[in-house]
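I have placed the structure first, in the form of structure tokens, so that the comments after it can refer back to it.
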Amino acid sequence: MVVVTVLCILLSIFLNKTKQGVIPRAVSQDRKAAAMVGIDVSGATLMGNVLGCGIGGGHGVAPSAERNQ
């Protein structure tokens, strides 16, 4: 449970404080405007999918890791 909480805090910091975290948020709000200011929309979409899959995988592994201790 602690691992998932730490991952959520790190994700929140990443999305709110870094340039790479702001880009997917900008693309999700308005794809056309993000493309007009020079953001690689397909790259930002890929990064969002990778983050989502990584979080899902971490969430799936965390309970099994706790049970095996």
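The values are calculated or read from the model by the stated rules, or taken from the named source; none is laboratory data. Keep in mind that what you see is a predicted model, and the values were worked out from it rather than measured. Using ideal geometry, Cβ is built from the backbone for each residue, glycine included, and neighbour counts are taken over all protein chains shown. Quick note on the areas: whole protein, heavy atoms, side chains included, nothing else; ligands and nucleic acids left out. Shrake-Rupley method; radii C 1.70, N 1.55, O 1.52, S 1.80 Å.
Residues that are modelled with pLDDT of 90 or more and among the polar types (S, T, N, Q) were ranked within the stretch 29-69; the one that is nearest to T5 (Cα to Cα) is N49. Scanning the stretch 1-10 for residues that are surrounded by 13 or more Cβ atoms within 10 Å (Cβ to Cβ) and either farther than 14 Å from A62 by Cβ or polar (S, T, N, Q) (or both) yields a total of 0.
Scoring I23 on the criteria (1) open to solvent by 60 Å² or more (accessible area, probe 1.4 Å); (2) assigned to a helix (DSSP H, G or I); (3) not basic (K, R) leaves a single failure, condition (1).
Is it fair to say L15 is open to solvent by 90 Å² or more (accessible area, probe 1.4 Å) and either in a helix (DSSP H, G or I) or farther than 27 Å from R67 by Cβ (or both)? For L15, the condition - open to solvent by 90 Å² or more (accessible area, probe 1.4 Å) and either in a helix (DSSP H, G or I) or farther than 27 Å from R67 by Cβ (or both) - is not met. Selection of the stretch 26-49 for residues being surrounded by fewer than 11 Cβ atoms within 10 Å (Cβ to Cβ) and among the aliphatic types (A, V, I, L, M) yields M36, V37. State yes or no: is M1 out of contact with any strand residue (DSSP E or B) (no Cβ under 8 Å at 6 or more places or on another chain) and at pLDDT 90 or above? When the stated conditions are applied, M1 does not pass them. Among the residues making up the stretch 23-45, those that are closer than 30 Å to P63 by Cα and either of a type outside the set (G, A, S) or touching a Ser or Thr at 6+ places or on another chain (Cβ under 8 Å) (or both) are P24, R25, T45. None of G48, G21, G54 is in contact with a Phe, Trp or Tyr (Cβ under 7 Å, 6 or more places away or on another chain) and without any contact (Cβ under 8 Å) to a residue 60 or more places away in the chain except G21.
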